[in-house]
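The next block holds one structure in the form of structure tokens; read it before the comments.
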Amino acid sequence: MYLPYPVIEQLSESQVATWKKYFAGDGHERPRSVEEGIWRRTQDPANAEQSGWTEDASGRRRVVHYRYDYALDYTFPVPRLVLSELCLYVSHTAPAEEIAAYAQSIRTWLSEGRWKPQQPGSWQRGDLSVKVAEFDVHPQDERADRSTPEGFRSLDVRFSSEGYSSPARTMRNLPWDVLAGGIRIKEERGTPTISSDLTGILDFLPFQVEVGCGTSIEAGIPPLHYLHEVYRVTARRDNTLTQAHAFTLSPQADTLVQELLLDAPAKAEDLTQMFAQCFMAEPTPAHTALKALHDAGHMVGPVITHNFDVLCARAGLPEVFVRRYDQKIPPVPLLDEARSLLVIGLHADRRAVQARARARGMRIFYVDPEGLTENGIFKEYPIEGAREGDTVVRAAAIPTLGRLCELLDVKA
């Protein structure tokens, strides 16, 4: 695989302008030209159904961390969106015999993929290098004073572009710092009020907004569980949502490394597809409605967003990005004048923003269909965070926010 890797072969003038203003600009804490994701999957009593934990069977672990840099490329007569740098890290901890079998498989894939040996434990093909290391006790477990189950070993695989410029120590430690923060415990849902529209919010104006991936899905962006499939986070193969599936914890069941070693350019298309879709998406009438409500003073403050598509900003709204890995609890600007929090879209609850809003006495309203339609079949995906006193409107964002504009006599 050679870099820069083309993601979109030809950009229009307006797309170039969008890139320069919203993705490559210096106005963000971290440029949106960087895509990053971390998954840590462990066996624990709290996730026994998905992880296979039992009192006499535990200790498996899988960590995935990726960080990609995108850029404009002018090598050809027309500008292209390209993947310019990448780092992808996969770590497994499992019974020693499984690690040994996995290591042998990796050696086979390296040979079949025609990777050239460099120094011990390192191979290269094109502009990519891969390093493989085995441990009786993982260095990060030593760092955290974390014990390794008897009879277990660890194996790390790290892909990176030649001369990757991200700070090595930051890349090395970040997923493990996230792991040390503990697993996300599924919340117990309360008994919210179910409503057909947002009439109730009229008594709690002005409101602030938290946006999950629902507005992005309406803009044509794949749901986030698409990434779970790409990175083999769960054994999702039968068109049901991710929480119904077991974690990928067995090294031999993890095909991510195999796919990259055998055909990195083909896998790169999957790895970059989410970013490409985010970039090509356009704000929807839901974003337009929010902008009108903001301009009219009914909505205050920046949009609190978990999305990396920048659609709210591209609709003219201020936004604050809280899908962060360097801070377990990033700052959330809840304003004194805000009397309610409007949570829009599927599962905008990853950072417990609603809990902080309740603590301030704000009323919580959700706009969420509580599920996704896949291949014509609606799959339920209930909101975890809804509580007594909250209101849930089980509908899509576009019609619901349009109706709210009508109720408030606001022209979207």
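The values are calculated or read from the model by the stated rules, or taken from the named source; none is laboratory data. Just so it is clear, the structure is predicted and the values come from calculations on it, not from any experiment. Neighbour counts are summed over all protein chains in view; Cβ atoms, including those assigned to glycine, are modelled from backbone coordinates with ideal geometry. Just the protein is used for accessible areas: all its heavy atoms, side chains included, with ligands, DNA and RNA removed. Shrake-Rupley method; radii C 1.70, N 1.55, O 1.52, S 1.80 Å.
In this calculation the C-beta distance from Val320 to Thr170 is compared with R0 = 22 Å, giving a FRET efficiency of 0.50.
For Lys411, a cut-off of 16 angstrom between C-alpha atoms picks up these aspartates and glutamates, skipping any fewer than 8 places away in its own chain: Asp295.
Please give the FRET efficiency for Ala352 paired with Tyr74, using the beta carbon to beta carbon distance and R0 = 60 Å, rounded to the nearest 0.05. Rounded to the nearest 0.05, the efficiency is 0.85.
Computed per residue of the chain from DSSP H runs no shorter than four, each worth -39500 (n - 2.57), the mean residue ellipticity at 222 nm is -8000 deg cm²/dmol. Surface analysis of the stretch 1-107 yields an accessible area of 46 Å² per residue, using protein heavy atoms and a 1.4 Å probe.
Averaged per residue, the stretch 369-412 has 53 square angstrom of accessible surface, using a 1.4 angstrom probe with ligands and nucleic acids left out.
Here's the picture: charge each Lys and Arg Cβ at +1 and each Asp and Glu Cβ at -1 in the chain, and of Leu205, Leu256, Pro4 the one pushed furthest to the positive end of that dipole is Pro4. Work out the length of the dipole vector of the stretch 334-412 about its Cα centre, built from +1 on the beta-carbon of each Lys and Arg and -1 on the beta-carbon of each Asp and Glu, and round it to the nearest 20 debye. Dipole magnitude for the stretch 334-412 comes out near 220 debye.
Inter-label distance, Tyr226 to Gln119: 3.9 nm, where each label sits 7 Å from its Cα along the C-beta direction. Using every pair of distinct Cα positions in the stretch 48-167, the Kirkwood expression returns a hydrodynamic radius of 16.7 angstrom. Taken about its Cα centre, the chain carries a charge dipole of roughly 520 debye when the Cβ of each Lys and Arg holds +1 and the Cβ of each Asp and Glu holds -1.
Once the Cβ-Cβ distance of Glu49 and Glu282 is raised to the sixth power relative to R0 = 51 Å, the FRET efficiency obtained is 0.85. Where the accessible area of the chain is counted over protein heavy atoms with a 1.4 Å probe, how much of it, in %, is carbon and sulfur? Looking at the chain in its full context, I get 50 percent from C and S.
Only one item in (i) 43, 21, 17; (ii) 41, 27, 22; (iii) 39, 27, 18 matches semi-axes √(5λ) of the Cα gyration tensor in Å derived from the coordinates shown, and that item is (iii).
A simple spin-label model places the labels of Glu406 and Glu384 3.5 nm from each other, with each point 7 Å out along Cα-to-Cβ. For the chain, modelled as a GNM whose springs connect Cα atoms under 10 angstrom apart, the maximal fluctuation among Gln104, Gln15, Gln119 occurs at Gln119.
In the stretch 201-314, the inverse of the mean reciprocal separation of distinct Cα atoms equals 16.6 Å; this is its Kirkwood hydrodynamic radius.
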